[in-house]
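What follows draws every value from the coordinates through simple rules; no lab data is involved. The model shown is predicted, which means the values in this text are computed figures rather than measured ones. For neighbour counting, all protein chains shown are included, and Cβ atoms are generated from backbone atoms with ideal geometry for every residue, glycine included.
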Amino acid sequence: MFIVVLSHYQKMTIDYLLTSPSSLRFSDFISPFSQETDHKWLRFSPKPSGAMRTATRITCGPISSRRKFAERESAERENRVLVRSLMSRISDREPLVKTLDKYVKVVRCEHCFLLFEELGKSDKWLQCLEVFRWMQKQRWYIADNGVYSKLISVMGKKGQTRMAMWLFSEMKNSGCRPDASVYNALITAHLHTRDKAKALEKARGYFDKMKGMERCQPNVVTYNILLRAFAQSGKVDQVNALFKDLDISAVSPDVYTFNGVMDAYGKNGMIKEMESVLTRMRSNECKPDIITFNLLIDAYGKKQEFEKMEQTFKSLMRSKEKPTLSTFNSMIINYGKARLRDKAEWVFKKMDDMSYTPSFITYECMIMMYGYSGSVSRAREVFEEVVESETVVKGSTLNAMLDVYCLSGLHMEADKLFHNASAFRVQPNASTYKLLYKAYTKADMKENVQMLIKKMEKDGIVPSKRFFLEALEVFGSKLPGSDSENRKSTGSGRSQDSAKDLVERN
């Protein structure tokens, strides 16, 4: 295993960029990572999820301000209750428009906005247009850029770029003049398409067009969207060019600007580029927040640059920011990938010492960590304790345990757990079937594959396009003469995907 050793200057540089120079020795931080861990204290006792076990909030301020805030929160709750009621009534028997007509006296623009969100999450984007058409017929409706921006954004997230463009034209025909928010939504819609090169070209075109219109000058959100998109594509020159453009503009970068670019570089493993943005952030006197610390910790951990990761964690502990569950989850899973079990266990104990309550994702990280470390029995212990403590076990927790079995070559144990899932009060999901399908195929377990397909049909699981594409890749890897057939299969690719999913859900 390759581990980067930091010079004293590098350690001080990271610390300075995040907080301020310190005279503390690095050994002061890493000393708790003992090489021989006493597992007696490592008892997994899942509790209701939440960042801290106890929290007391004391609010001070003018009574009128607190009252307004409370009234606003109450109104938002009421709006969401009404929208949930509307969503629950949608069915084939009763069309959405008919349901809206029943509540025509109470439904207003703010409810429609929430409906757009909920329908978008449910992949019912066509029904968003039904709501929009219904809105246009109401007396209270006034053509507004906000409505169009919201709809364009929903369509873009669902890959409906043509529909987003149609809405843009519809907006102009209705007499609305596009502003920066509308163009930002349109740029985001294009960036969700599969052809990333073409999408970036389109996005850059809209950006240049905005600069030529006084009403639509790019704002900080525009720069944030484009900077992150180009960083995700690894186009360093374009990122630098946009930063130069930002420097001479009237727009000031914010913490989201730098975090977005650093996160994109970090996920691509471009550590040098990420650190250069961190330097730029410091020079702009922009203070790092918890998101900054978390993305740095995750990026260093994925590259197994553990000294830098630990140095960043030390800076976080000395700053005004507080670690989140994501901080600890990322460290646990990345130590696990490197089979540094003792250090991962130390992180879990550190959480407990700091009175953090682990979430189900934390326990999934621990299960995967033990799987990477070759300790299947410990992984099973964690899984069983989660089952005993939780009323409903998450499908992702089941998947983590199944993946550990498959990683360790214990396919029959995985099969047994899968068939006994109902006894653990957990329902297998589409990801469960995909995980086992790939594992059984790689292990050449034809009977299990056939059984799995039959059970999918029985449970009403409809395979997605991605499922079939990945299945074809697995079949291709099993053909004689293929690259993977000539290599010894380790199953690490699948498990790395699972670990990636765990960290991204933090």
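For A197 and V462, the difference between the fully extended length at 0.36 nm per residue and the C-alpha to C-alpha distance is 92.3 nm.
Note on segment 410-460: along the principal axes its Cα atoms extend 30, 24, 16 Å, ordered by decreasing extent. Residues in segment 365-372 carry Karplus couplings, in order, of 4, 5, 4, 5, 4, 5, x, 4 Hz; the curve used is 6.51 cos²θ - 1.76 cosθ + 1.60 with θ = phi - 60°, and Gly or Pro positions show x. Taking amide H positions as modeled 1.01 Å from N, with prolines and chain starts lacking one, the residues under 5 Å from T357 and 5 or more places away or on another chain are M52, R53. Over all pairs of different C-alpha atoms, segment 71-140 has a mean inverse distance whose reciprocal, the Kirkwood radius, equals 12.3 Å. Using only alpha carbons, segment 197-324 has a radius of gyration to Kirkwood radius ratio (Rg to Rh) of 1.01.
Near the amide H of N219, within less than 5 Å, lie no amide hydrogens of residues on another chain or at least 5 residues away, with H placed in the peptide plane. Counting only Cβ charges, +1 for Lys and Arg and -1 for Asp and Glu, the dipole size of segment 71-140 around its Cα centre is about 280 debye. Treating the Cα atoms of segment 320-361 as identical point scatterers in vacuum, please give the log10 of the normalised Debye intensity I(q)/I(0) at q = 0.35 Å⁻¹, two decimals. Reported log10 I(q)/I(0), two decimals: -1.25.
So what is the relative contact order of segment 119-248, in percent, for Cα pairs below 8 Å that sit 6 or more residues apart?
18
Backbone geometry of segment 384-390 corresponds, through the Karplus equation with coefficients 6.51, -1.76 and 1.60 at θ = phi - 60°, to 3J(HN,Hα) couplings of 5, 5, 5, 4, 5, 8, 8 Hz, x marking Gly and Pro.
Toward the positive end of the charge dipole of segment 71-140, with +1 on the Cβ of Lys and Arg and -1 on the Cβ of Asp and Glu, the farthest Cα among V81, C112, Q138 is that of Q138. Couplings for segment 305-315, taken from phi via the Karplus curve 6.51 cos²θ - 1.76 cosθ + 1.60 with θ = phi - 60°, read 8, 6, 5, 5, 4, 5, 5, 5, 5, 5, 5 Hz in order; Gly and Pro are left as x. Can you work out D for segment 355-431 in µm² s⁻¹ from Stokes-Einstein, where Rh is the Kirkwood radius over C-alpha pairs, the temperature is 4 °C and the viscosity is 1.567 mPa s? It comes out at roughly 105 µm²/s.
Applying 1/(1 + (r/R0)^6) with R0 = 30 Å to the Cβ-Cβ distance of N429 and S91, what FRET efficiency is obtained, to the nearest 0.05? If you can, show how the numbers build up before the last one.
Values: r = 23 Å, r/R0 = 0.78.
The computed FRET efficiency comes out at 0.80.
Note on M412 and E78: their simple-model spin labels are 6.4 nm apart, each label 7 Å out from Cα toward Cβ.
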